[in-house]
Amino acid sequence: MTLFQEYITYWSEDYTSILSYMYEHIIIALTVITLSVLFTVPLAIFMTKMKNELVKTIIFNIANVFQTIPTIALLAIVIPLLGIGFVPAVVALFLYSLLPLLRNTYAGMNSVDSEIIEAAKGMGYGTVQRLFKIELPVALPYVMSGIRVSSVYIISWTTLAALIGAGGLGDLILAGIGYNDTFMIFTGTFIAIIIAILLDVILGKVEKVIAYS
C-alpha cells in the first residue's frame, strides 16, 4: 500500500473526529474574530475623535504589550483566572488580536483628507452621516486589511488553544505528536492552512462587495 493510499485510509477511518476538530477550531477562531472586530473597530474610530494624545498612547501601549507576550505564555496566564477550555482560549486570543486591527483602523480613519470632511460639513452632513458615508468608505481598505491579517493570525494561534483544553485542530496535532503519527500532524496543520486561506479569500470578496455597493 502506498503512502497516499494509507492516508486515504486514515481519512476514511477517522474523518468524523477530523471534522469535529475542524468544527471546534472554526468556532473558536470565528468567535475571536467577531469579538475583536466588534470591540476594536469602534474603539479605533472613537480614538480618532479624541483630543487627548496621552490616552491614545496608553491604549496603543496596552494593545502592544499583549501582542509582545508569547502566545503560549498568554494562554498560561489566563488559566489561574479563567481555568481551561473555550472561554480562556477566546479571551487570550482576543487580547492577542487587538493591535493589528486597532492600528489599521486608526490609520485608515486618519487617512481621510480633512478637506473632504470639511466639505461634507458644508453640505450639511452630521457626524454619523460623515462617518458612514465619507470616513468609513475611505478607511475600508485599511480596516479590511487589519481584519484579514488578524484573521489569518487567529486561525494559526487557535491551534495552541488545545494546550489549555479548548479543542480544535491543535488537539489533532498534539495527538499526532504524542502517537508519533505523521498523518495526524499533517492533517491538522494542512486543514488550518486551508481554513486561513479560504477565510482570507472570503474576506477579500466581502471587501469588494462593500466597496462597490
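Per-structure values
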quantity: Every pair of residues 6+ apart whose Cβ atoms lie under 7 Å, when the first sits in segment 6-32 and is charged (D, E, K, R) while the second is crowded, with 17+ Cβ neighbours inside 10 Å; calculated: E24/G167; E24/G168
quantity: Of all residues in segment 197-211 being free of Cβ contacts under 8 Å to residues at least 12 places away in the same chain and of a type in the set (D, E, K, R), the one that is nearest to T34 (Cα to Cα); calculated: K205
quantity: In segment 1-41, the residues that are surrounded by 17 or more Cβ atoms within 10 Å (Cβ to Cβ) and not hydroxyl-bearing (S, T, Y); calculated: I18, M22, E24, H25, I26, I28, A29, V32, I33, V37, V41
quantity: Subset of segment 1-49 (residues that are under 18 Å from Y142 (Cβ atoms) and either in contact with an Asp or Glu (Cβ under 9 Å, 6 or more places away or on another chain) or of a type in the set (S, T, Y) (or both)); calculated: S36, T40, I45, T48
quantity: Selection count, segment 96-116, where residues are within 15 Å of L35 (Cα to Cα) and of a type in the set (G, A, S); calculated: 1
quantity: Scope segment 166-198; condition among the acidic types (D, E) and either buried (at least 17 other Cβ atoms within 10 Å of the Cβ) or part of a helix (DSSP H, G or I) (or both); matching residues; calculated: D171
quantity: Number of the exception - F66 against (1) farther than 22 Å from I185 by Cα; (2) touching a residue at least 60 places away in the same chain (Cβ under 8 Å); calculated: (2)
quantity: Residue match in segment 137-151 (condition: outside any loop (DSSP other than H, G, I, E, B) and more than 20 Å from the chain's Cα centre (by Cα)); calculated: yes
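One line per residue, one yes/no per condition, for (1) at pLDDT 95 or above; (2) aliphatic (A, V, I, L, M); (3) surrounded by 15 or more Cβ atoms within 10 Å (Cβ to Cβ):
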{"residue": "V128", "(1), (2), (3)": "no, yes, no"}
{"residue": "P137", "(1), (2), (3)": "no, no, no"}
{"residue": "M144", "(1), (2), (3)": "no, yes, yes"}
{"residue": "R148", "(1), (2), (3)": "no, no, yes"}
{"residue": "W157", "(1), (2), (3)": "no, no, yes"}
{"residue": "S213", "(1), (2), (3)": "no, no, no"}
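The values are calculated or read from the model by the stated rules, or taken from the named source; none is laboratory data. Just so you know, these numbers come straight off a predicted model, no measurement behind them. Neighbour counts are summed over all protein chains in view; Cβ atoms, including those assigned to glycine, are modelled from backbone coordinates with ideal geometry.
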